[in-house]
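Heads up, the thing below is written out as structure tokens.
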Amino acid sequence: DEQFKEFNYSEKEMIKMPGIGSYTSAAIRSIVFSQPSSAIDGNFIRVFSRLIGIKISEQINLKNIQETVKNICDSIIQDNRPGDFNQAVMDIANLLCFPKAKPKCHICPLSRYCKAFSNSGRDI
């Protein structure tokens, strides 16, 4: 919308604002301003780690996993509807791909591509 153009900040500008970090900046920019930016948080890391087959443990550097997931997401996020991508991953994480409870892999739209699911859930 034209009325909000003046608020269309870059990530660098947004994270200078109090209470705005990389995740919030990416979520706002993708959902409100349709900028292709992946909103990477623990939910994204969980979903994509399972999807690509990275077993998260204390020995693995979480920062490296976060960078890997961000690179993957940034390469597949669509320019025309980036907010939908971020919201879809958030929904999958919250409704299907649980951190501690048994995930609902059998109804997940990503299960046919998911390494953890293809390993019969051994890595979940």
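The values are calculated or read from the model by the stated rules, or taken from the named source; none is laboratory data. Only a predicted model underlies this, so the values are computations on that prediction, with no experimental measurement involved. All Cβ positions, glycine included, derive from the backbone under ideal geometry; neighbour counts span all protein chains shown.
A count restricted to segment 30-44 and to residues that are assigned to a helix (DSSP H, G or I), over 13 Å from Val69 (Cβ atoms) and among the polar types (S, T, N, Q) stands at 1.
Within segment 72-94, being exposed (fewer than 12 other Cβ atoms within 10 Å of the Cβ) and not hydroxyl-bearing (Ser, Thr, Tyr) holds for Ile76, Gln78, Asp79, Asn80, Asn94.
Quick check on Lys63: is it of a type outside the set (Asp, Glu) and touching a residue at least 40 places away in the same chain (Cβ under 8 Å)?
Numbers: of a type outside the set (Asp, Glu): yes; touching a residue at least 40 places away in the same chain (Cβ under 8 Å): no.
Against the criterion (of a type outside the set (Asp, Glu) and touching a residue at least 40 places away in the same chain (Cβ under 8 Å)), Lys63 does not qualify.
Residues of segment 84-101 that are touching a Lys or Arg at 6+ places or on another chain (Cβ under 9 Å) and either under 18 Å from Arg29 (Cβ atoms) or in contact (Cβ under 8 Å) with a residue 40 or more places away in the chain (or both): Ala93, Cys97, Pro99. Residues considered: Lys12, Lys102. Of these, the only one that is of a type in the set (Lys, Arg), more than 14 Å from the chain's Cα centre (by Cα) and part of a loop (DSSP other than H, G, I, E, B) is Lys102. Taking the criterion of being modelled with pLDDT of 90 or more and surrounded by fewer than 19 Cβ atoms within 10 Å (Cβ to Cβ), the residues of segment 16-30 that qualify are Pro18, Gly19, Ile20, Gly21, Ser22, Tyr23, Thr24.
Within segment 53-71, the only residue that satisfies the criterion of being out of contact with any helix residue (DSSP H, G or I) (no Cβ under 6 Å at 6 or more places or on another chain), modelled with pLDDT of 90 or more and either closer than 26 Å to Ser120 by Cα or crowded, with 17+ Cβ neighbours inside 10 Å (or both) is Lys70.
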